[in-house]
């Protein structure tokens, strides 16, 4: 894996691209695929709040649109301490993440925690339930 601290810094820097004029709460996500490709995402707010796109889904949509389906790591950073994904993003990630996909919640390059999908969404409903 690429240097985790460098990837965290890149995600932090990417918060500058957030479009969050209503909440002023910037979130950035960086996805590393199992093939080593990187995709960035930011939250994109809308006056109609339900049309807002979260950073996690923004990054994953870019990767999925490029044909990627296997993910190694997602790094999430926001303007408050320990910015965790919302429930919709957790369910979206559960569709694509394996048991070994790492979810990094980063406050800074030296202050972060690594989780698994099961940590954030235990007993999830997933594609395995439909097989």
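Here, each number is a calculation from the coordinates, and none is a lab measurement. Computed from a predicted structure; not experimentally measured. FYI the Cβ positions are ideal-geometry reconstructions off the backbone, even for glycines, and counts take in every protein chain you see.
Some points to look at:
- Chain lengthening between residue 79 and residue 34 when straightened (0.36 nm per residue, less Cα-Cα): 13.4 nm
- Over the chain: Kirkwood hydrodynamic radius from C-alpha pairwise inverse distances, Å: 14.7 Å
- Prolate/oblate/rounded label for segment 37-107 (Cα gyration tensor, a/c 1.5): oblate
- Sorting the segments 68-79, 43-54 by their mean number of nearby beta carbons within 10 angstrom, highest to lowest, gives 68-79, 43-54.
- Taking each DSSP H run with n ≥ 4 as -39500 (n - 2.57) and averaging over every residue of the chain yields -8000 deg cm²/dmol at 222 nm.
- Fraction of antiparallel bridges per DSSP, the chain only, in percent to nearest 5: 80 percent
- Extended-chain gain in nm, criterion 0.36 nm per residue less alpha-carbon gap, residue 110 and residue 3: 37.3 nm
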